[in-house]
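The values are calculated or read from the model by the stated rules, or taken from the named source; none is laboratory data. Here the structure is a predicted model, which means the values were calculated and not measured. Methodologically, a virtual Cβ is constructed for each residue, glycine included, from the backbone with ideal geometry; neighbour enumeration extends over all protein chains shown. Quick note on the areas: whole protein, heavy atoms, side chains included, nothing else; ligands and nucleic acids left out. Shrake-Rupley method; radii C 1.70, N 1.55, O 1.52, S 1.80 Å.
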Amino acid sequence: MSFQVIKGDITTCAVDAIVNAANTSLLGGGGVDGAIHRAAGPDLLKECRTLHGCQTGQAKITAGYNLPAKHVIHTPGPVWQGGDQNEPGLLASCYRSCLRLAEENGCRTVAFPSISTGVYHFPLEQAAAIAVKEILAFLEDSNVVREVTMVCFDDKTKAAYDAALQKKSS
């Protein structure tokens, strides 16, 4: 099993599944969500329409269409409202739900973006710590998912995930 943090574009990852930081409609949006929908092509939106949305903290899977990834796992992260609306629990549930769905669909390699830290304003360091904890715990017990990559959009995000991983590994 392995877990790595890189800076890059998740839409170019040739993995079994990439995770989309989606909204609850699953019908596309800005940031990572918009980039994934644009790169995958219009068939992704067509399939997403058949899923009838997704609750925050849960996940649904589609084909990858024009992406190098076989699948897209869509998960709506929580909008930060100060931390007293179960945002940490919902974010942890996003990672667990995505990894369970990856495992159920035979995905050995999974790439994640930083969920909820963009326009949803989840504090980056706290989000990174939650993500690293959930991913490492899942990898300990999984016989299917073998490699997880955290794909960070910028240096600040990568530094936060590198720090969280180093802290958890030591």
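The table for this structure:
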quantity: Residues satisfying the stated conditions in the range 22-49, i.e. among the hydrophobic types (A, V, I, L, M, F, W, C) and within 20 Å of Cys152 (Cβ to Cβ); calculated: Ala22, Val32, Ala35, Ile36, Ala39
quantity: Subset of the range 44-73 [assigned to a strand (DSSP E or B) and under 15 Å from the mean Cα position of the chain (by Cα)]; calculated: Lys60, Ile61, Thr62, His71, Val72, Ile73
quantity: Residues satisfying the stated conditions in the range 3-43, i.e. outside any loop (DSSP other than H, G, I, E, B), exposed (fewer than 14 other Cβ atoms within 10 Å of the Cβ) and either touching a Gly at 6+ places or on another chain (Cβ under 7 Å) or at pLDDT below 95 (or both); calculated: Gly34
quantity: Among (1) more than 16 Å from Thr149 (Cα to Cα); (2) open to solvent by less than 10 Å² (accessible area, probe 1.4 Å); (3) out of contact with any strand residue (DSSP E or B) (no Cβ under 7 Å at 6 or more places or on another chain), the one test that Glu104 misses; calculated: (2)
quantity: Enumeration of residues in the range 108-151 that are of a type in the set (A, V, I, L, M), in contact (Cβ under 8 Å) with a residue 60 or more places away in the chain and surrounded by fewer than 19 Cβ atoms within 10 Å (Cβ to Cβ); calculated: Val119, Leu136, Leu139
quantity: Unique match (being on the phi > 0 side of the Ramachandran plot and out of contact with any His (no Cβ under 8 Å at 6 or more places or on another chain)) among Gly118, Gly89, Gly31; calculated: Gly31
